[in-house]
Amino acid sequence: MPAPLRIGDLVVDPPILQAPMAGFTNAAFRQIVREFGGSGLLATEMVNARGFVWLDENEAEHPDRLWGVADEPRPLAVQIWDNDAATMAKVGRRLVEEYRVSIVDINFGCPVRQVTEKAHSGSYLLREPQRMFEIIQRLVKACRPTPVTAKIRLGCSPENVNCNEVARVVEEAGAAALTVHGRTAKDMFRGNADWERISEIKSHLRAIPLIGNGDLDSAEKVVAAFDNYNVDGVMIARACLGRPWLFAQAAAALRGETIPPEPTLAQQRDVMLHHYRLVTQRFGEDKGTILMRKYACCYAQGKRGARHFRSHVASVSSAEEFYAIVDQHFPITDPQP
Ligand SMILES: Cc1cc2nc3c(=O)[nH]c(=O)nc-3n(C[C@H](O)[C@H](O)[C@H](O)COP(=O)(O)O)c2cc1C
């Protein structure tokens, strides 16, 4: 069993984090993850700091992405993105004071054009470590004593890998933990995450924990990450979308216990239906059903008949239709080994 993961004063136990994922890790998804257990820290989708301030000043509602945040169980990290230290500090302070979040995480890893080229934020900032320093330092001051953490990629491109330098800057600026996705921004999701590089970063950090991220899709891989790559924690993203029970499996494996089996297909379908009810309770039938299309595809992934189910569920627009399609087409037999 790895040592407890400490982020500032917060103990993250088990040291397995649910990654922030825009468009996915909303309060309904987080509730499902929490119900299965096994993740020591959950995260919201990334929230744009300027957008937050704009809504505030215009007396509009707070961002949809903060749905649930004020009331749900802790620990919970809210991730923000932007490039203006003052705005980010202002939002960080609000998140700490008003929402009482456990952690404010900064996104320095997003490779999407709208965030990088258009807003000079996310992974774009990896080319400006000094600016990262200023942002982190300012946020740390604004959020104290709540920990501020940073999530990065290895660099902007394979020709510009600078994660070791960036790691030192992040710690120097006062961040309480560093999460690294083992690809560069230019890689997007191509190739494999480079865990050797992640591991190397450890020797560039003095005291703060290193959280490794990339391609973890089984309990065995989580155990191997701790055994082989010097990380203090791991973060799981894509693989938990259709398998929110993965955290509980990985946590059991870390404790040296038998890994709980995958739920039966009928149980998986029930999880999906429960998820659907949570989403529609919040967003109403029309919007909730549309939002659920992508989750439903995730739940079916890897199963026999998944393509068939996806082709039907991708266009549902009412609860009646959704239930009928699940009834008729959600895979009920496992793929052939
Ligand atoms: C749909 C999607 C949305 C994502 N949104 C975010 C985000 O809002 N903030 C962030 O830091 N990373 C985001 N990521 C990246 C993941 O957090 C993670 O770093 C990446 O997917 C690698 O982990 P994995 O191999 O376990 O998926 C997103 C990834 C996906 C697939």
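The values are calculated or read from the model by the stated rules, or taken from the named source; none is laboratory data. Just so we're clear, the structure is a prediction, and the values are computed from it rather than from any experiment. Cβ coordinates were reconstructed from backbone atoms using ideal geometry, including for glycine residues, and neighbour counts include every protein chain displayed.
Brief remarks follow.
- Some residue of the range 187-198 being basic (Lys, Arg), within 16 Å of the ligand (Cβ to nearest atom), surrounded by fewer than 19 Cβ atoms within 10 Å (Cβ to Cβ) and assigned to a loop (DSSP other than H, G, I, E, B): yes
- Within the option set GLU45, GLU35, being in a strand (DSSP E or B) and either away from the ligand (no atom under 14 Å from the Cβ) or at pLDDT 95 or above (or both) holds for one residue only, GLU45.
Yes/no per residue for (1) surrounded by 15 or more Cβ atoms within 10 Å (Cβ to Cβ); (2) among the β-branched types (Val, Ile, Thr); (3) over 30 Å from TYR323 (Cβ atoms); (4) outside the structural domain of LEU66 (by TED's automatic domain parsing):
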position	(1), (2), (3), (4)
HIS204	yes, no, yes, no
ASP227	no, no, yes, no
LEU246	yes, no, no, no
PRO260	yes, no, no, yes
ARG269	yes, no, no, yes
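- Residues (surrounded by 15 or more Cβ atoms within 10 Å (Cβ to Cβ), part of a helix (DSSP H, G or I) and within 27 Å of the chain's Cα centre (by Cα)) located in the range 295-321: TYR295, ALA296, CYS297, CYS298, TYR299, ALA300, ALA306, PHE309, ARG310, VAL313
- Residues of the range 1-32 satisfying the condition of being assigned to a strand (DSSP E or B) and within 13 Å of the ligand (Cβ to nearest atom): ILE16, LEU17, GLN18
- Scanning the range 61-90 for residues that are closer than 24 Å to PHE108 by Cβ, within 16 Å of the ligand (Cβ to nearest atom) and in a loop (DSSP other than H, G, I, E, B) returns PRO63, VAL69, ASP82, ASN83.
- Any hit, the range 136-146, residues being surrounded by fewer than 24 Cβ atoms within 10 Å (Cβ to Cβ), part of a loop (DSSP other than H, G, I, E, B) and within 14 Å of the ligand (Cβ to nearest atom): no
- Number of residues in the range 204-221 that are within 23 Å of ASN107 (Cβ to Cβ) and outside any loop (DSSP other than H, G, I, E, B): the value is 5.
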